[in-house]
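Asks: The structure under discussion is supplied below as structure tokens; questions concerning it will follow.
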Amino acid sequence: MAIKHTGAVLAALGICGSAQAQGVTSLNRTGSGARAAGMANAFAAVSDDGTAASWNPAGLAQLRLPELSLVSSAVDRRFRQEGFRSPDGAFAYSPRRFAFTNASPEFASVAMPFSVAGKPLTLQLGWRRLYELAAKVDVEFQKELARGEPTPVAHLRQDLDSEGSVNILSLAGALRLTERMSAGASLDFWRGDWTDEVVTIEDALDDDDGAAGFASFSLRHRIRGHNLNGGLMLAYPRWKIGLVYHQPFWSAYRRRVVVESSAVPRMEQDANRARFHFPRSMGAGLSWRPAPRWTVAADVSYDKWSRFLVDGLPGRTEPVNFFDDQPADRTSARDTVSLNTGAERLLQGPGFVVPLRLGAAWEPQGYMDSNTRDPVSYAMLAAGSGYNTNSFKFDVAFQLRWARYEITESTSVRGQLGEGPDAIGTLAVREWRFKFSGIYRITDTDKLRGLLRKIFVRGAEVNSAPLSRRGGSPAPPHPPS
């Protein structure tokens with residue numbers, strides 16, 4: 001089997017890992033919380049609970065009581081590949097269907113409102129799982145002659161196993177500047193570790209000797225970085241405006257690639273001093289209350305995916321886009337504008353509120369297949385409800401997202417080892433997301449202040465008191481000089 005040089009193989013692996021990241025999860029930087037999810041992520045101008053900093057940090061200024069928040073999510077993704085043929089039309093591939101699910105905690109925070117010089121100030125410490133990069137897929141299919149009677153010429157099996165995530169630890173704060181205006185910011189520390197393991201086994205059925213081939217690819221990624229985000233909110237009796245800006249930044253990036261195959265010797269590549277560039281993102285939201293128990297919201301967000309870059313990879317003299325391994329002036333990645341809309345209706349009972357939420361969204365993705373240039377855009381429908389009291393809020397949400405687009409892929413061992421895509425067809429994706437939120441408001445703030453005073457104030461007094469006052473022996477006198 002004639003295979004291109006080592007550099008081409010490792011470059012193909014970079015693209016393989018990039019496409020896998022896109023296939024596993026949407027990379028749009030949405031916030032967290034079941035209430036926002038039930039409104040199809042239209043939350044930049046609402047942001048009035050413990051998850052506010054993940055959407056618009058300025059919204060924290062609306063909190064009046066300390067809040068503890070916890071969010072968990074579960075995702076079911078289903079894929080269908082149909083109509084795949086070789087570029088010359090000589091071969092066809094049997095349809096493939098595969099699916100995977102994962103569930104994990106998504107968000108946790110504690111928020112504390114204060115008053116500074118008569119102005120409300122809220123601080124929040126939070127953790128968020130921004131991207132869950134977990135998938136396990138085993139799929140088998142046939143390669144057949146496309147003309148005449150379908151005749152299988154090869155049997156292929158592909159196994160994919162991805163593990164890991166990208167998490168954020170953030171410190172956020174918001175200050176109410178005037179009666180109508182609030183400003184907020186968050187400092188986010190990014191930590192990401194994930195692996196992609198891809199194995200392809202190809203049995204050539206038309207060879208008399210029963211020749212078989214395999215290729216095993218292993219990619220390990222690690223990022224470390226931090227950035228600042230800012231938010232602004234204007235609030236009036238019946239409507240609010242929210243503005244959000246996510247600062248672009250370079251993070252430290254490490255990538256290790258290992259290739260093992262029946263066709264080439266084992267190859268390894270380490271990028272220990274590379275950098276990963278997360279692009280600029282910004283958004284604007286509007287919420288309106290047409291009646292006391294109604295809220296209608298809409299968000300528009302912009303992501304500059306053409307600047308989603310990796311720099312310092314071996315053999316590359318300039319930064320390349322993470323999606324397609326091409327320089328910024330030649331990448332197929334596109335900048336995107338997303339639209340999210342949602343509504344909430346409150347049903348009030350004695351001492352509790354039951355919210356009903358609906359929403360719809362259009363969320364284009366930055367990734368496009370570099371050969372077909374068919375844009376990837378997700379449509380979404382959402383619904384949610386909950387049970388809220390003065391001190392406890394429980395919310396649940398369901399989101400259905402789907403997309404259909406044309407892609408090329410390397411199905412064979414030969415194609416994956418540097419000869420490029422050998423099949424073109426349609427990929428249909430359907431995804432269910434389930435989110436659960438619990439928020440606890442501490443209504444008895446006097447007890448909380450007393451507890452904090454005991455921990456910090458009295459603890460400091462004890463540490464500064466002489467040893468004799470703490471129950472120990474007095475220090476011995478100094479010897480006479």
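Asks: Mind checking the full-extension length gain between Arg345 and Phe214? Use 0.36 nm per residue of separation minus the Cα-Cα distance, one decimal, nm.
Replies: 41.6 nm
Asks: If you don't mind, another one. Which of Lys119/Lys304; Lys304/Lys435; Lys240/Lys393; Lys119/Lys240 have a Cα-Cα distance over 25 Å?
Replies: Long pairs (Cα-Cα over 25 Å): Lys119/Lys304; Lys304/Lys435.
Asks: Right, here's the next one. Semi-axes of the equivalent ellipsoid of the stretch 6-466: what are they in whole Å, largest first, if each equals the square root of 5 times a C-alpha gyration tensor eigenvalue?
Replies: Here the semi-axes work out to 47, 25, 19 Å.
Asks: Please name whichever of Leu145, Phe394, Pro248 sits farthest to the positive end of the charge dipole of the chain, dipole taken about the Cα centre and charges placed at Cβ: Lys and Arg +1, Asp and Glu -1.
Replies: Phe394
Asks: Suppose R0 equals 30 Å; then what is the FRET efficiency for Gln247 and Arg273 from their Cβ-Cβ distance, rounded to the nearest 0.05?
Replies: 0.85
Asks: In whole Å, what are the extents of the stretch 236-282 along the principal axes defined by its C-alpha atoms, from largest to smallest?
Replies: Largest first, the stretch 236-282 extends 69, 23, 10 Å along its Cα principal axes.
Asks: What distance in nm separates the two pseudo spin-label positions at Arg180 and Tyr236, each 7 Å out from Cα along the beta-carbon direction?
Replies: Output for this residue pair reads 0.7 nm.
Asks: At what distance in nm do the modelled label points of Leu145 and Trp432 sit from each other, each positioned 7 Å from its Cα along Cα→Cβ?
Replies: The answer from the label model is 4.3 nm.
Asks: Which of Tyr387, Tyr93 comes first, and how do the rest follow, when ranked by fewest Cβ neighbours within 10 Å?
Replies: Result, fewest neighbours first: Tyr387, Tyr93.
Asks: Size of the dipole of the chain about the Cα centre, Lys and Arg at +1 and Asp and Glu at -1 on the beta carbon, nothing else charged, in debye to 20?
Replies: Taking the Cα centre of the chain as origin, the dipole is about 3120 debye.
Asks: List, largest first, the extents of the alpha carbons of the stretch 14-138 along their principal axes, each in whole Å.
Replies: Computed over the stretch 14-138, the largest-to-smallest principal extents equal 76, 29, 24 Å.
Asks: What percent does the relative contact order of the chain come to when contacts are Cα pairs within less than 8 Å and at least six residues apart? All intermediate terms of the calculation are to be shown ahead of the outcome.
Replies: Working: 1376 pairs, mean separation 83.9, N = 481.
Computed value for the chain: 17 percent relative contact order.
Asks: Now, a different point. Between Arg97 and Glu260, take the C-beta separation as r, use R0 = 30 Å, and let me know the FRET efficiency to the nearest 0.05.
Replies: On the way: r = 28 Å, r/R0 = 0.94.
Here the calculated transfer efficiency is 0.60.
Asks: Now for a different question. Rank these for me by crowding, Phe308, Phe91, Phe98, going from fewest to most other beta carbons within 10 Å.
Replies: Numbers: Phe308 23, Phe91 20, Phe98 17.
Lowest count first: Phe98, Phe91, Phe308.
FYI, it's all coordinate maths here, none of it is from the lab. Worth saying up front: this structure is predicted, and the values here are computed from it rather than measured. Using ideal geometry, Cβ is built from the backbone for each residue, glycine included, and neighbour counts are taken over all protein chains shown.
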